[in-house]
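The values are calculated or read from the model by the stated rules, or taken from the named source; none is laboratory data. This structure is a prediction, so every number in the text was calculated from the model and none was measured. Here the Cβ positions follow ideal geometry from the backbone for every residue, glycine too, while neighbour counts run over all protein chains shown. Each accessible area value is taken on the protein alone, full model and side chains, heavy atoms only, with ligands, DNA and RNA left out. Shrake-Rupley method; radii C 1.70, N 1.55, O 1.52, S 1.80 Å.
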Amino acid sequence: MEILKQGSFGPQVALLQATLKRIGYYTAALDGIFGPITKAAVTKFQNDWDLAPDGIVGPATWRALHPYITGYVKHKIKSGDTIYKLANTYQTSQQAIETANPSLVGKYLVPGANIIIPFSFPVVFTNIPFTHTVLTFCIEGLKARYPFIQTKIIGKSINGKNISSLAIGIGTNKVMYNASHHANEWITSPLLIKFLEQYAKSYATNTNLAGYKTKELYNTSTIYLVPMVNPDGVDLVTGEIKPGSQSYTYAKGINTPDINFPSGWKANIRGVDLNLNYPAGWENAKKIKYAEGYTKPGPRDYVGPYPLSEPESQAMANFTKENTFKLTISYHTQGEVIYWKYLNYQPSHSYEIAQKFAMASGYAVEETPIYSGYAGYKDWFIQTYNRPGYTIEVGLGQSPLPLSQFNKIYDDNLAILLIGAQPF
(Lines give C-alpha, C1' and ligand atoms only; values in the text may rest on other atoms or scores of the structure.)
Protein backbone atom coordinates (compact mmCIF):
# COMPACT_ATOMS: atom_id res chain seq x y z
CA MET A 1 0.00 0.00 0.00
CA GLU A 2 1.13 3.54 -0.76
CA ILE A 3 2.08 6.07 1.89
CA LEU A 4 -0.67 8.68 1.58
CA LYS A 5 -0.66 12.28 2.74
CA GLN A 6 -2.24 15.60 1.88
CA GLY A 7 -1.82 16.10 -1.86
CA SER A 8 -2.02 12.38 -2.67
CA PHE A 9 -4.70 11.22 -5.09
CA GLY A 10 -5.93 8.07 -6.77
CA PRO A 11 -7.82 4.86 -6.01
CA GLN A 12 -5.98 4.11 -2.77
CA VAL A 13 -7.08 7.49 -1.42
CA ALA A 14 -10.64 6.59 -2.40
CA LEU A 15 -10.22 3.26 -0.57
CA LEU A 16 -8.97 5.14 2.49
CA GLN A 17 -11.93 7.53 2.37
CA ALA A 18 -14.44 4.71 1.92
CA THR A 19 -12.94 2.80 4.85
CA LEU A 20 -13.01 5.84 7.14
CA LYS A 21 -16.61 6.46 6.07
CA ARG A 22 -17.52 2.90 7.11
CA ILE A 23 -16.51 3.66 10.68
CA GLY A 24 -17.79 7.21 10.92
CA TYR A 25 -14.62 9.28 10.54
CA TYR A 26 -15.29 10.69 7.07
CA THR A 27 -18.50 12.07 5.62
CA ALA A 28 -17.40 13.93 2.47
CA ALA A 29 -17.28 12.75 -1.15
CA LEU A 30 -15.23 9.71 -2.11
CA ASP A 31 -13.25 11.70 -4.64
CA GLY A 32 -9.83 10.07 -4.28
CA ILE A 33 -8.24 13.41 -3.38
CA PHE A 34 -6.37 13.66 -0.06
CA GLY A 35 -7.31 17.14 1.06
CA PRO A 36 -7.77 18.83 4.46
CA ILE A 37 -11.00 16.95 5.25
CA THR A 38 -9.36 13.58 4.61
CA LYS A 39 -6.34 14.61 6.68
CA ALA A 40 -8.57 15.63 9.59
CA ALA A 41 -10.37 12.26 9.43
CA VAL A 42 -7.07 10.37 9.37
CA THR A 43 -5.71 12.39 12.29
CA LYS A 44 -8.79 11.71 14.41
CA PHE A 45 -8.57 7.99 13.61
CA GLN A 46 -4.88 7.98 14.56
CA ASN A 47 -5.63 9.74 17.86
CA ASP A 48 -8.31 7.21 18.74
CA TRP A 49 -6.03 4.26 17.87
CA ASP A 50 -3.01 5.63 19.80
CA LEU A 51 -1.05 6.23 16.62
CA ALA A 52 1.15 9.22 15.87
CA PRO A 53 -1.45 11.83 14.78
CA ASP A 54 0.51 13.14 11.81
CA GLY A 55 -2.26 12.79 9.21
CA ILE A 56 -0.02 10.55 7.09
CA VAL A 57 -1.20 7.05 6.22
CA GLY A 58 1.83 4.86 6.53
CA PRO A 59 2.24 1.15 7.40
CA ALA A 60 1.02 1.49 10.99
CA THR A 61 -2.15 3.36 10.01
CA TRP A 62 -2.86 0.93 7.17
CA ARG A 63 -2.50 -1.96 9.65
CA ALA A 64 -4.99 -0.31 11.99
CA LEU A 65 -7.40 0.25 9.11
CA HIS A 66 -7.04 -3.27 7.71
CA PRO A 67 -9.91 -4.85 9.70
CA TYR A 68 -12.27 -2.16 8.42
CA ILE A 69 -11.12 -2.65 4.84
CA THR A 70 -11.60 -6.43 4.95
CA GLY A 71 -14.62 -6.40 7.28
CA TYR A 72 -13.32 -8.60 10.08
CA VAL A 73 -11.00 -8.62 13.07
CA LYS A 74 -9.13 -11.42 14.80
CA HIS A 75 -9.99 -11.68 18.49
CA LYS A 76 -7.97 -13.58 21.09
CA ILE A 77 -10.43 -15.28 23.41
CA LYS A 78 -10.28 -14.23 27.04
CA SER A 79 -11.66 -16.00 30.08
CA GLY A 80 -15.38 -15.30 30.36
CA ASP A 81 -15.86 -14.59 26.65
CA THR A 82 -18.97 -15.99 25.02
CA ILE A 83 -20.23 -15.66 21.47
CA TYR A 84 -23.14 -13.62 22.81
CA LYS A 85 -20.80 -11.19 24.62
CA LEU A 86 -18.50 -10.89 21.62
CA ALA A 87 -21.42 -10.19 19.30
CA ASN A 88 -22.51 -7.33 21.57
CA THR A 89 -18.98 -5.99 21.98
CA TYR A 90 -18.32 -5.85 18.25
CA GLN A 91 -21.91 -4.92 17.31
CA THR A 92 -22.31 -7.96 15.10
CA SER A 93 -24.44 -11.10 15.25
CA GLN A 94 -23.85 -14.44 16.91
CA GLN A 95 -24.73 -16.11 13.64
CA ALA A 96 -22.04 -14.16 11.76
CA ILE A 97 -19.42 -15.24 14.31
CA GLU A 98 -20.56 -18.87 14.14
CA THR A 99 -20.51 -18.83 10.33
CA ALA A 100 -16.94 -17.51 10.29
CA ASN A 101 -15.86 -20.04 12.93
CA PRO A 102 -17.75 -23.28 12.23
CA SER A 103 -15.53 -25.30 14.57
CA LEU A 104 -16.83 -23.25 17.54
CA VAL A 105 -20.48 -24.14 17.16
CA GLY A 106 -21.69 -25.96 20.26
CA LYS A 107 -18.28 -25.74 21.96
CA TYR A 108 -16.76 -23.67 24.75
CA LEU A 109 -14.47 -20.81 23.79
CA VAL A 110 -10.89 -21.69 24.69
CA PRO A 111 -8.92 -18.76 26.20
CA GLY A 112 -5.92 -17.84 24.10
CA ALA A 113 -7.39 -19.10 20.83
CA ASN A 114 -7.94 -16.67 17.96
CA ILE A 115 -11.31 -16.40 16.24
CA ILE A 116 -12.71 -14.31 13.39
CA ILE A 117 -15.21 -11.57 14.26
CA PRO A 118 -17.03 -10.25 11.16
CA PHE A 119 -18.30 -6.69 11.35
CA SER A 120 -21.89 -5.87 10.47
CA PHE A 121 -21.19 -3.87 7.30
CA PRO A 122 -20.80 -5.53 3.85
CA VAL A 123 -17.28 -6.39 2.75
CA VAL A 124 -17.57 -5.43 -0.92
CA PHE A 125 -16.95 -1.83 -1.96
CA THR A 126 -19.29 -0.66 -4.71
CA ASN A 127 -18.69 3.08 -4.40
CA ILE A 128 -15.01 3.42 -5.38
CA PRO A 129 -12.83 2.32 -8.32
CA PHE A 130 -12.53 -1.46 -8.12
CA THR A 131 -8.81 -2.05 -8.50
CA HIS A 132 -6.97 -5.34 -8.14
CA THR A 133 -5.98 -4.19 -4.64
CA VAL A 134 -9.62 -3.65 -3.68
CA LEU A 135 -10.53 -7.04 -5.15
CA THR A 136 -7.78 -8.71 -3.10
CA PHE A 137 -9.07 -7.17 0.12
CA CYS A 138 -12.63 -8.22 -0.74
CA ILE A 139 -11.54 -11.80 -1.38
CA GLU A 140 -9.74 -11.90 1.96
CA GLY A 141 -12.76 -10.52 3.80
CA LEU A 142 -15.28 -12.82 2.12
CA LYS A 143 -13.13 -15.90 2.71
CA ALA A 144 -12.83 -14.98 6.41
CA ARG A 145 -16.57 -14.43 6.83
CA TYR A 146 -17.65 -17.38 4.73
CA PRO A 147 -15.02 -20.15 4.93
CA PHE A 148 -17.11 -22.35 2.64
CA ILE A 149 -16.12 -20.08 -0.28
CA GLN A 150 -13.38 -21.79 -2.28
CA THR A 151 -10.57 -19.69 -3.74
CA LYS A 152 -7.93 -20.50 -6.33
CA ILE A 153 -5.31 -18.62 -8.31
CA ILE A 154 -5.79 -19.71 -11.92
CA GLY A 155 -2.96 -17.68 -13.41
CA LYS A 156 -0.93 -14.49 -13.38
CA SER A 157 -1.20 -11.35 -15.45
CA ILE A 158 1.64 -9.83 -17.48
CA ASN A 159 2.65 -7.86 -14.38
CA GLY A 160 2.36 -10.87 -12.10
CA LYS A 161 -0.98 -10.07 -10.47
CA ASN A 162 -3.11 -13.00 -9.37
CA ILE A 163 -6.06 -13.95 -11.55
CA SER A 164 -8.39 -15.42 -8.96
CA SER A 165 -11.33 -17.78 -9.08
CA LEU A 166 -13.90 -18.05 -6.31
CA ALA A 167 -16.44 -20.83 -6.04
CA ILE A 168 -19.52 -21.42 -3.94
CA GLY A 169 -21.63 -24.55 -3.77
CA ILE A 170 -21.14 -28.32 -3.72
CA GLY A 171 -23.36 -29.37 -6.62
CA THR A 172 -22.30 -31.14 -9.79
CA ASN A 173 -23.94 -28.52 -12.01
CA LYS A 174 -20.94 -26.24 -12.59
CA VAL A 175 -21.29 -22.78 -14.12
CA MET A 176 -18.75 -20.00 -14.51
CA TYR A 177 -19.13 -16.23 -14.67
CA ASN A 178 -16.26 -13.91 -15.58
CA ALA A 179 -15.75 -10.16 -15.74
CA SER A 180 -13.29 -7.48 -16.84
CA HIS A 181 -11.80 -9.07 -19.92
CA HIS A 182 -11.78 -5.42 -21.00
CA ALA A 183 -9.99 -2.96 -18.76
CA ASN A 184 -12.43 -0.06 -18.91
CA GLU A 185 -15.35 -2.39 -18.19
CA TRP A 186 -14.17 -2.93 -14.60
CA ILE A 187 -17.61 -2.10 -13.14
CA THR A 188 -18.48 -5.74 -13.92
CA SER A 189 -15.98 -6.95 -11.29
CA PRO A 190 -17.86 -5.61 -8.23
CA LEU A 191 -21.04 -6.94 -9.86
CA LEU A 192 -19.77 -10.50 -9.45
CA ILE A 193 -18.18 -9.97 -6.05
CA LYS A 194 -21.26 -8.35 -4.57
CA PHE A 195 -23.32 -11.22 -5.93
CA LEU A 196 -21.00 -13.69 -4.21
CA GLU A 197 -21.30 -11.83 -0.90
CA GLN A 198 -25.08 -11.72 -1.03
CA TYR A 199 -25.31 -15.36 -2.13
CA ALA A 200 -22.99 -16.50 0.67
CA LYS A 201 -24.90 -14.52 3.29
CA SER A 202 -28.21 -15.88 2.02
CA TYR A 203 -26.89 -19.44 2.20
CA ALA A 204 -25.41 -18.93 5.69
CA THR A 205 -28.62 -17.43 7.05
CA ASN A 206 -30.91 -19.86 5.19
CA THR A 207 -32.82 -17.05 3.51
CA ASN A 208 -33.91 -16.55 -0.08
CA LEU A 209 -32.12 -14.26 -2.52
CA ALA A 210 -34.32 -12.52 -5.08
CA GLY A 211 -36.90 -15.25 -4.48
CA TYR A 212 -34.43 -18.12 -5.07
CA LYS A 213 -33.67 -20.74 -2.42
CA THR A 214 -29.90 -20.50 -2.18
CA LYS A 215 -29.70 -23.47 0.18
CA GLU A 216 -31.12 -25.72 -2.53
CA LEU A 217 -29.04 -24.11 -5.28
CA TYR A 218 -25.88 -24.49 -3.19
CA ASN A 219 -26.45 -28.24 -3.02
CA THR A 220 -27.23 -28.72 -6.71
CA SER A 221 -24.82 -26.25 -8.35
CA THR A 222 -21.33 -24.85 -7.96
CA ILE A 223 -20.88 -21.28 -9.17
CA TYR A 224 -17.35 -20.28 -10.19
CA LEU A 225 -16.45 -16.61 -10.55
CA VAL A 226 -13.41 -15.07 -12.23
CA PRO A 227 -14.08 -11.45 -11.31
CA MET A 228 -11.06 -9.76 -12.93
CA VAL A 229 -9.57 -11.45 -16.00
CA ASN A 230 -7.46 -8.38 -16.88
CA PRO A 231 -6.08 -6.94 -13.62
CA ASP A 232 -3.23 -4.92 -15.18
CA GLY A 233 -5.55 -3.21 -17.62
CA VAL A 234 -8.08 -2.48 -14.90
CA ASP A 235 -5.36 -0.94 -12.74
CA LEU A 236 -4.25 1.24 -15.65
CA VAL A 237 -7.77 2.59 -16.21
CA THR A 238 -8.58 3.10 -12.51
CA GLY A 239 -5.30 4.88 -11.77
CA GLU A 240 -3.64 2.20 -9.65
CA ILE A 241 -0.84 2.12 -12.23
CA LYS A 242 0.73 5.54 -11.87
CA PRO A 243 2.12 7.94 -14.46
CA GLY A 244 5.87 7.51 -14.71
CA SER A 245 5.78 3.77 -14.08
CA GLN A 246 7.13 1.43 -16.75
CA SER A 247 3.69 -0.02 -17.52
CA TYR A 248 2.02 3.38 -17.75
CA THR A 249 4.76 4.76 -20.00
CA TYR A 250 4.61 1.74 -22.32
CA ALA A 251 0.82 1.83 -22.58
CA LYS A 252 0.74 5.56 -23.21
CA GLY A 253 3.37 5.09 -25.90
CA ILE A 254 1.19 2.63 -27.87
CA ASN A 255 -2.09 4.46 -27.29
CA THR A 256 -3.78 5.93 -30.35
CA PRO A 257 -4.87 9.56 -30.72
CA ASP A 258 -8.55 8.68 -31.01
CA ILE A 259 -8.65 6.95 -27.59
CA ASN A 260 -8.77 8.86 -24.32
CA PHE A 261 -5.95 7.66 -22.11
CA PRO A 262 -6.16 5.77 -19.89
CA SER A 263 -9.98 5.74 -19.62
CA GLY A 264 -10.48 4.30 -23.12
CA TRP A 265 -8.07 1.40 -22.63
CA LYS A 266 -9.60 -2.09 -23.17
CA ALA A 267 -6.56 -4.29 -23.74
CA ASN A 268 -4.19 -6.00 -21.35
CA ILE A 269 -1.06 -4.09 -20.38
CA ARG A 270 0.77 -5.45 -23.44
CA GLY A 271 -1.86 -4.01 -25.80
CA VAL A 272 -3.73 -7.20 -26.73
CA ASP A 273 -7.53 -7.26 -26.61
CA LEU A 274 -8.08 -10.38 -24.51
CA ASN A 275 -11.58 -10.98 -25.84
CA LEU A 276 -10.15 -11.29 -29.35
CA ASN A 277 -7.43 -13.74 -28.34
CA TYR A 278 -9.28 -17.06 -28.19
CA PRO A 279 -9.03 -19.81 -30.86
CA ALA A 280 -12.52 -19.48 -32.31
CA GLY A 281 -12.36 -17.89 -35.74
CA TRP A 282 -9.24 -16.01 -34.66
CA GLU A 283 -8.03 -15.67 -38.25
CA ASN A 284 -11.37 -14.13 -39.19
CA ALA A 285 -11.08 -11.70 -36.28
CA LYS A 286 -7.57 -10.85 -37.45
CA LYS A 287 -8.74 -10.07 -40.99
CA ILE A 288 -11.60 -7.89 -39.74
CA LYS A 289 -9.50 -5.98 -37.23
CA TYR A 290 -6.51 -5.58 -39.53
CA ALA A 291 -8.85 -4.16 -42.18
CA GLU A 292 -10.01 -1.65 -39.56
CA GLY A 293 -6.39 -0.67 -38.87
CA TYR A 294 -5.77 -2.60 -35.64
CA THR A 295 -2.56 -4.31 -36.72
CA LYS A 296 -0.33 -3.89 -33.68
CA PRO A 297 -0.53 -3.61 -29.88
CA GLY A 298 -2.71 -0.75 -28.75
CA PRO A 299 -5.59 0.21 -26.47
CA ARG A 300 -8.19 -2.00 -28.17
CA ASP A 301 -9.01 -4.49 -30.92
CA TYR A 302 -5.53 -5.95 -31.51
CA VAL A 303 -6.02 -9.73 -31.66
CA GLY A 304 -2.48 -10.60 -30.58
CA PRO A 305 0.26 -12.43 -32.51
CA TYR A 306 -1.54 -15.79 -32.21
CA PRO A 307 -4.47 -17.31 -30.28
CA LEU A 308 -3.96 -17.53 -26.51
CA SER A 309 -0.77 -15.51 -26.76
CA GLU A 310 -1.52 -13.78 -23.46
CA PRO A 311 -1.20 -15.25 -19.95
CA GLU A 312 -4.65 -13.96 -19.03
CA SER A 313 -6.46 -15.69 -21.91
CA GLN A 314 -4.31 -18.79 -21.35
CA ALA A 315 -5.40 -18.85 -17.70
CA MET A 316 -9.06 -18.68 -18.69
CA ALA A 317 -8.72 -21.41 -21.31
CA ASN A 318 -6.82 -23.73 -18.97
CA PHE A 319 -9.28 -23.12 -16.13
CA THR A 320 -12.17 -23.93 -18.44
CA LYS A 321 -10.48 -27.11 -19.66
CA GLU A 322 -9.95 -28.25 -16.06
CA ASN A 323 -13.66 -28.05 -15.31
CA THR A 324 -16.90 -29.19 -16.89
CA PHE A 325 -18.88 -25.98 -16.98
CA LYS A 326 -22.46 -26.44 -18.15
CA LEU A 327 -22.81 -22.71 -18.86
CA THR A 328 -20.69 -19.56 -18.87
CA ILE A 329 -21.43 -15.84 -18.78
CA SER A 330 -18.87 -13.21 -19.74
CA TYR A 331 -19.72 -9.74 -18.47
CA HIS A 332 -18.94 -6.64 -20.51
CA THR A 333 -20.28 -3.09 -20.93
CA GLN A 334 -22.28 -1.43 -22.59
CA GLY A 335 -25.70 -1.73 -24.23
CA GLU A 336 -27.99 -3.90 -22.05
CA VAL A 337 -27.74 -6.76 -24.55
CA ILE A 338 -27.44 -10.54 -24.22
CA TYR A 339 -25.39 -12.23 -26.96
CA TRP A 340 -26.04 -15.96 -27.05
CA LYS A 341 -24.81 -17.41 -30.35
CA TYR A 342 -21.58 -18.20 -32.17
CA LEU A 343 -21.85 -18.91 -35.91
CA ASN A 344 -24.37 -21.72 -36.42
CA TYR A 345 -23.76 -23.38 -33.06
CA GLN A 346 -26.97 -23.63 -31.08
CA PRO A 347 -26.31 -25.58 -27.88
CA SER A 348 -29.31 -27.22 -26.27
CA HIS A 349 -31.43 -24.77 -24.23
CA SER A 350 -29.15 -21.82 -25.08
CA TYR A 351 -31.81 -19.62 -26.68
CA GLU A 352 -34.40 -20.61 -24.09
CA ILE A 353 -32.03 -19.59 -21.28
CA ALA A 354 -31.22 -16.32 -23.05
CA GLN A 355 -34.93 -15.53 -23.14
CA LYS A 356 -35.16 -16.19 -19.39
CA PHE A 357 -32.25 -13.82 -18.85
CA ALA A 358 -34.03 -11.19 -20.95
CA MET A 359 -37.29 -11.55 -19.04
CA ALA A 360 -35.45 -11.15 -15.74
CA SER A 361 -33.35 -8.16 -16.77
CA GLY A 362 -35.19 -6.28 -19.50
CA TYR A 363 -32.12 -6.70 -21.74
CA ALA A 364 -32.43 -7.52 -25.44
CA VAL A 365 -31.38 -10.87 -26.90
CA GLU A 366 -29.28 -10.46 -30.04
CA GLU A 367 -26.74 -12.23 -32.21
CA THR A 368 -23.19 -10.89 -32.01
CA PRO A 369 -22.37 -8.31 -34.74
CA ILE A 370 -19.98 -9.67 -37.35
CA TYR A 371 -17.29 -7.07 -36.59
CA SER A 372 -16.88 -8.50 -33.11
CA GLY A 373 -18.23 -11.99 -33.76
CA TYR A 374 -15.05 -14.04 -33.49
CA ALA A 375 -12.26 -14.97 -31.06
CA GLY A 376 -14.09 -14.06 -27.86
CA TYR A 377 -14.25 -16.27 -24.79
CA LYS A 378 -17.96 -16.93 -25.35
CA ASP A 379 -17.25 -17.94 -28.96
CA TRP A 380 -14.48 -20.33 -27.94
CA PHE A 381 -16.57 -21.89 -25.16
CA ILE A 382 -19.53 -22.55 -27.45
CA GLN A 383 -17.34 -23.90 -30.26
CA THR A 384 -15.29 -26.13 -27.98
CA TYR A 385 -17.99 -27.54 -25.71
CA ASN A 386 -21.29 -26.92 -27.55
CA ARG A 387 -22.82 -25.67 -24.31
CA PRO A 388 -24.60 -22.37 -23.56
CA GLY A 389 -22.25 -19.42 -23.38
CA TYR A 390 -23.22 -15.77 -23.16
CA THR A 391 -21.74 -12.32 -23.42
CA ILE A 392 -23.83 -9.86 -21.44
CA GLU A 393 -23.33 -6.14 -22.00
CA VAL A 394 -24.48 -4.19 -18.94
CA GLY A 395 -25.31 -0.53 -18.56
CA LEU A 396 -25.64 2.32 -21.03
CA GLY A 397 -23.22 4.96 -22.21
CA GLN A 398 -19.49 5.14 -22.77
CA SER A 399 -17.11 2.90 -20.84
CA PRO A 400 -15.92 3.15 -18.17
CA LEU A 401 -19.49 3.45 -16.92
CA PRO A 402 -19.94 5.66 -13.87
CA LEU A 403 -20.49 4.02 -10.50
CA SER A 404 -23.83 5.83 -10.36
CA GLN A 405 -25.08 3.04 -12.68
CA PHE A 406 -23.90 0.23 -10.43
CA ASN A 407 -27.06 -0.31 -8.39
CA LYS A 408 -29.22 -0.59 -11.50
CA ILE A 409 -26.73 -2.91 -13.16
CA TYR A 410 -26.72 -5.12 -10.10
CA ASP A 411 -30.50 -5.16 -9.80
CA ASP A 412 -30.84 -5.96 -13.52
CA ASN A 413 -28.43 -8.89 -13.32
CA LEU A 414 -29.06 -10.49 -9.93
CA ALA A 415 -31.74 -12.81 -11.25
CA ILE A 416 -29.61 -13.67 -14.30
CA LEU A 417 -26.82 -14.83 -12.03
CA LEU A 418 -29.25 -17.07 -10.15
CA ILE A 419 -31.06 -18.36 -13.25
CA GLY A 420 -27.72 -19.23 -14.87
CA ALA A 421 -26.93 -21.61 -12.01
CA GLN A 422 -30.19 -23.52 -12.31
CA PRO A 423 -29.76 -27.05 -13.72
CA PHE A 424 -31.35 -27.38 -17.17
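Ignoring ligands, DNA and RNA, what percent of the 1.4 Å accessible area of the chain is carbon and sulfur? Carbon with sulfur: 52 percent of the solvent-accessible area.
Positive contributions from Lys and Arg (+1) and negative ones from Asp and Glu (-1), summed over other residues with Cβ under 15 Å from the Cβ of residue 74, come out at +3.
Against the empirical curve 2.2 N^0.38 Å, the C-alpha radius of gyration of the chain lands at a ratio of 1.02. Only one residue of 320, 198, 100 has its Cα farthest out toward the positive end of the dipole of the chain, where Lys and Arg carry +1 and Asp and Glu -1 on Cβ, and that residue is 100. For the chain, the solvent-accessible area works out to 41 Å² per residue, with a probe of 1.4 Å and every protein chain left in place.
When +1 charges are put on Lys and Arg Cβ atoms and -1 charges on Asp and Glu Cβ atoms, the dipole computed for the chain relative to its Cα centre reaches about 940 debye. Dividing the mean sequence gap of close Cα pairs (under 8 Å, 6+ apart) by how many residues segment 176-275 holds gives a relative contact order of 37 percent.
Semi-axes of the equivalent ellipsoid for segment 1-101, computed as √(5λ) from the eigenvalues of its C-alpha gyration tensor and ordered from largest down, come to 30, 14, 11 Å. Dividing the summed helix terms, -39500 (n - 2.57) for each DSSP H run of n ≥ 4, by the number of residues in the chain produces a 222 nm estimate of -11500 deg cm²/dmol to the nearest 500. Filter 78/107; 143/213; 161/242; 326/356; 287/321 down to the pairs with a C-alpha to C-alpha distance above 19 Å, please. Checking Cα-Cα distances, 143/213; 287/321 exceed 19 Å.
Ordering of 68-77, 395-404, 255-264, 224-233 by packing is 224-233, 68-77, 395-404, 255-264, highest average first (other Cβ atoms within 10 Å, averaged per residue). Residues whose amide H falls under 5 Å from that of residue 155, counting only those 5 or more places apart or on a different chain, are 163, with hydrogens built in the peptide plane. Normalised by the number of residues in the chain, the average gap of Cα pairs under 8 Å and 6 or more apart makes the relative contact order 14 percent.
For residue 329, the residues 5 or more places off, or on other chains, whose built amide H falls under 5 Å of its own are 176, 177, 178, 390. Rounded to the nearest 20 debye, the dipole size of segment 47-176 about its Cα centre is 500 debye, using +1 on the Cβ of Lys and Arg and -1 on the Cβ of Asp and Glu. Going by the alpha-carbon gyration tensor, a ≥ b ≥ c the square roots of its eigenvalues, is segment 290-424 rounded (a/c under 1.5) or, if a/c is not under 1.5, prolate (a/b greater than b/c) versus oblate? Cα axes put segment 290-424 in the oblate bin. When segment 269-424 is described by a simple charge dipole with +1 on each Lys and Arg Cβ and -1 on each Asp and Glu Cβ, the residue from 410, 351, 298 located farthest towards its positive end is 298. Sort segment 20-178 into rounded, prolate or oblate with this rule: let a ≥ b ≥ c be the square roots of the eigenvalues of the Cα gyration tensor; rounded if a/c is under 1.5, and if a/c is not under 1.5, prolate when a/b is larger than b/c, oblate otherwise. Oblate, since a/c reaches 1.5 and b/c is not below a/b. Here the Karplus relation 6.51 cos²θ - 1.76 cosθ + 1.60, evaluated at θ = phi - 60°, turns the backbone of segment 88-99 into coupling constants of 5, 4, 9, 6, 10, 10, 4, 4, 4, 5, 5, 5 Hz, with x for every Gly and Pro.
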